[in-house]
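The values are calculated or read from the model by the stated rules, or taken from the named source; none is laboratory data. From a predicted model like this one, the values you see are computed outputs, not experimental measurements. No Cβ is skipped: glycine too gets one built from the backbone with ideal geometry, and neighbour counts run over all protein chains shown. Calculation scope for accessible area: heavy atoms of the full protein, side chains included, ligands and nucleic acids excluded. Shrake-Rupley method; radii C 1.70, N 1.55, O 1.52, S 1.80 Å.
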Amino acid sequence: MCGIVGYTGPREAYPVILKGLKRLEYRGYDSSGVALLNGELKVYKKKGKVSELEESVVGKNMHAFTGIGHTRWATHGEPSDRNAHPHLSASGQIAMIHNGIIENYASIKRELINKGYHFNSDTDTEVLLNFIEDIKKNNNGTLEEALRIALKRIVGAYCILLIEKDNPETIIAARKGSPLVIGIGKGEHFLASDASPIIEYTKEVVYVNDYEIAIVKPDELILKNLGNEKQTPFIQKLDMELAAIEKGGYDHFMLKEINEQPDTIFDCLRGRLHAEAGTITMSGVQNNIQALTTAQRMVMVACGTSWHAGLLAEYMFEELCRIPVEVEYASEFRYRNPVIKPGDVIIAISQSGETADTLVALENAKQQGAFIFGVVNAVGSSIARMSDAGAYSHAGPEIGVASTKAFTGQLAVLAMMALKIGYAKGTLDEKRYRELIKGLEEIPEKVKQVLNDTSAIEAIAEKYKDAHDFLYLGRGYNFPVALEGALKLKEISYIHAEGYPAAEMKHGPIALVDDKLPVVFVATKDRYYEKIVSNVQEIKARKGRVIAVATEGDTVIPGMADDVMYVPDADEILAPLLSVIPLQLLSYYIGISKGLDVDKPRNLAKSVTVE
Ligand code: M6R
């Protein structure tokens, strides 16, 4: 949450920072601001989206070669001009931006107030900034020294960038728990929360680690730990193209990303799945095959959509590998003092690889000796780096706040893992293994078919867009898909939606059914088909309006439902990769028909780096 950008070098800093903030806006869009260093230290900030900041500085002198910028997802203090970053220290000499939460800010604030400090905002950031300045003043030392001392007292998560009036061309940065990438150009450096603001200028990057401080000048990058020992920067090459982070002719990133799924799933399978040879190449799995095949238990740890992928993985791993699986919300798991035993494998699922709850849950599990396998999309992210082994989902950068292509990428990785482990373990016979490999190979083409003509889905969206509530129902592998469909609708269209196992409906939610309630059934042909047909009848008997996701060629469900969205036939284990697509599109079209900003839904942020 919150996006940060910094630049120092021979270019004008403001345009570089502004463009970077627009690329990072998915991380938060409550307010934004820049601080520029050009003999003077100037700060411009504004409530609202980055475009509002841009408008507010028209005609102002923005000339500078060093600067920092921030786009905010509010934690402490409402979205407003005064709470927007950057913040200026009491003396006006230092400007700072921050992504994260300082948990012990209240006690530090009290100390500073007792010393006579006043605060211009309600943020924890301004407290940390003045704390640093106070240490600098008292020690008569440098900003870097003061920062090091301050960080030793800080509890919480942060990525901060600081610039100082009397320290030209220099940005000082530090991170713990919130991401920071430094792009290395020729005589220039770029700093950002992720690589998207950097990719246009350089492909050489350094991912800063927790508890590291970076002193960044145009020609120099020094990394130190909190003990003031120099660290060798590990320079990596970015494997990302600019086109991947642009809209490419689509109106919205969400629509672009939904439509990319035939390619992203193909990319995820490419080089791994060899249907003819009947092999799956995944070095992260192969190198740890002993630990994975003898696992006594698997625990899926994730949040949001990634949690839904974990739930599907539970069905896959239990069926194909006969390993007991638990699926945990990272936010609960991290605080619950969970029992972790030798032989447990933790599977961390995350698009961003930066979700704070997931990250801390994993750190705790790791301390207890757990083996962590990461299923992550963002290459080089914190979760990817702290996992013992892993497999990337290769969906490419996902910019729309609602997760779409990352979800299907996660499912593809988890399906391959379950197949490989089940086969190696002997719980999955050759015939079924080959059947499923072949089925998985066919998925990208089938997704393409779903996306070929979306006019029926658009019409359904138009018909139901004014409903106040939706119910999503599914059984077996389609139950997590129902949950995901409901989450997508809530996020994008602000319509209340609940997902339930279809059979649970009669234990309560059926009381909601009347002639106004749309009930979305994920009712593709599988082992529960007859049962879900009965559930549809139960809803119809109570005059509910049924929208069904059905298998092409089915005549029974379409005969009962008010509206139908079709997907090609697929094995029930793989069907979620198809049945989720119409649900993504349904929420997208309802969102845009209501005139909402589907890429940046209110109150949300893409990368939830606070707990
Ligand atoms: O980056 P992660 O996969 O760890 O993010 C987890 C959730 O925050 C995320 O899936 C969220 O629920 C999305 N907005 C769903 O569309």
- Query: How do the peptides 509-517, 255-263 rank, highest first, by the average count of neighbouring beta carbon atoms within 10 Å per residue?
  - Reply: 255-263, 509-517
- Item | Compactness index (Cα Rg / 2.2 N^0.38 Å), the chain | 1.00
- Separation between Cα centres of region 141-204 and region 73-106, rounded to whole Å: 16 Å
- Task: Would you grab the residues whose amide H sits under 5 Å from the one on Val327? Only those 5+ places off in sequence or on another chain, please, with H modelled 1.01 Å from N.
- Result: Met300
- Message: With a 1.4 Å probe and all protein chains kept in place, how do Arg153, Arg602 rank by accessible area, largest first?
- Response: Arg602, Arg153
- For region 317-393, state what percent of all Cα-Cα pairs lands in each successive 5 Å bin, counting from 0 Å until the bin that includes the largest distance. 3, 17, 27, 26, 18, 9, 0
- How much of the DSSP beta bridge set in the chain is antiparallel, as a percent to the nearest 5? 60 percent
- Item | Fraction of the pair-distance distribution of region 215-342 above 18 Å, Cα-Cα pairs, percent | 76 percent
- Search the structure for amide H atoms under 5 Å from the amide H of Val564, placed 1.01 Å from N in the peptide plane, and list their residues when 5 or more places away or on another chain. Ala548
- Query: In whole Å, what is the distance between the alpha-carbon centres of region 1-68 and region 466-516?
  - Reply: 42 Å
- Once phi is turned into θ = phi - 60°, what whole-Hz ³J(HN,Hα) does the Karplus curve with 6.51, -1.76 and 1.60 give for every residue of region 330-344, x standing for Gly and Pro? 4, 5, 8, 4, 5, 9, 8, 6, x, 7, 10, 10, x, x, 7
- Message: Give me the base-10 log of I(q)/I(0) for region 337-477 at each q in 0.09, 0.13 Å⁻¹, Debye formula, one uniform scatterer per Cα, rounded to two decimals.
- Response: -0.41, -0.80
- Message: Over 20 Å apart: what share of the alpha carbon pairs of region 249-450 falls there, rounded to a whole percent?
- Response: 53 percent
- Message: On C-alpha positions alone, give me the angle between the axis of helix 455-464 and the longest principal axis of the chain, in degrees, nearest 10.
- Response: 80 degrees
- Message: How tilted is helix 105-114 with respect to the longest principal axis of the chain? Cα atoms for both, answer in degrees (0 to 90, nearest 10).
- Response: 20 degrees
- Message: Past the 27 angstrom mark, what percentage of all C-alpha to C-alpha distances in region 68-190 do you count?
- Response: 12 percent
- Message: Restricting to DSSP H runs of at least four residues, report the calculated mean residue ellipticity at 222 nm for the chain, -39500 (n - 2.57) per run over all residues, nearest 500 deg cm²/dmol.
- Response: -11500 deg cm²/dmol
- Task: Take the cross-link list Lys420/Lys525; Lys465/Lys490; Lys465/Lys525; Lys448/Lys600 and give me the ones stretching past 20 Å between alpha-carbons.
- Result: Lys420/Lys525; Lys465/Lys525; Lys448/Lys600
- If each part is reduced to its alpha-carbon centroid, region 565-588 and region 216-290 end up apart, in Å, by 26 Å
- Message: Give me Rg/Rg_expected for region 1-148, where Rg uses Cα atoms only and Rg_expected = 2.2 N^0.38 Å with N residues.
- Response: 1.02
- By the mean-Cβ-within-10 Å protection proxy, highest first, 444-453, 92-101, 322-331 rank as 92-101, 322-331, 444-453
- Under 17 Å Cα-Cα from Lys115, which lysines qualify once same-chain neighbours fewer than 8 residues away are excluded? Lys136, Lys137
- Query: Of the accessible area of region 171-310, with the probe set at 1.4 angstrom, what percent is carbon plus sulfur?
  - Reply: 48 percent
- Nearest 10, in degrees from 0 to 90: the angle of helix 430-452 to the longest Cα principal axis of the chain is 70 degrees
- Highest mean first, what order results for 207-216, 362-371 on Cβ atoms within 10 Å? 207-216, 362-371
- Search the structure for amide H atoms under 5 Å from the amide H of Gly499, placed 1.01 Å from N in the peptide plane, and list their residues when 5 or more places away or on another chain. Tyr472
- Item | Debye log10 I(q)/I(0) for region 453-605, one point scatterer per Cα, at q = 0.11, 0.13, 0.15 Å⁻¹ | -0.36, -0.51, -0.69
- Task: Please state, to two decimals, what the Cα-based radius of gyration of region 188-280 comes to when divided by 2.2 N^0.38 Å (N = residues).
- Result: 1.53
- Note on the structure: Partner lysines whose C-alpha sits under 29 Å from that of Lys237, ignoring same-chain residues fewer than 8 away, are Lys19, Lys22, Lys176, Lys186, Lys203, Lys217, Lys224, Lys247, Lys256, Lys366, Lys405, Lys606
- Query: Using the Cα atoms of region 143-207 to build a convex hull, what is its mean projected area in square nanometres?
  - Reply: 5.0 nm²
- Quick one: what are the phi-derived ³J(HN,Hα) couplings along region 407-416, Karplus 6.51/-1.76/1.60 with θ = phi - 60°, whole Hz, x for glycine and proline? 5, 5, x, 4, 5, 5, 5, 5, 5, 4
- Task: List the aspartates and glutamates whose Cα lies under 14 Å from the Cα of Lys109, skipping any in the same chain that are fewer than 8 positions away.
- Result: Asp122, Asp124, Glu126, Glu133, Asp134
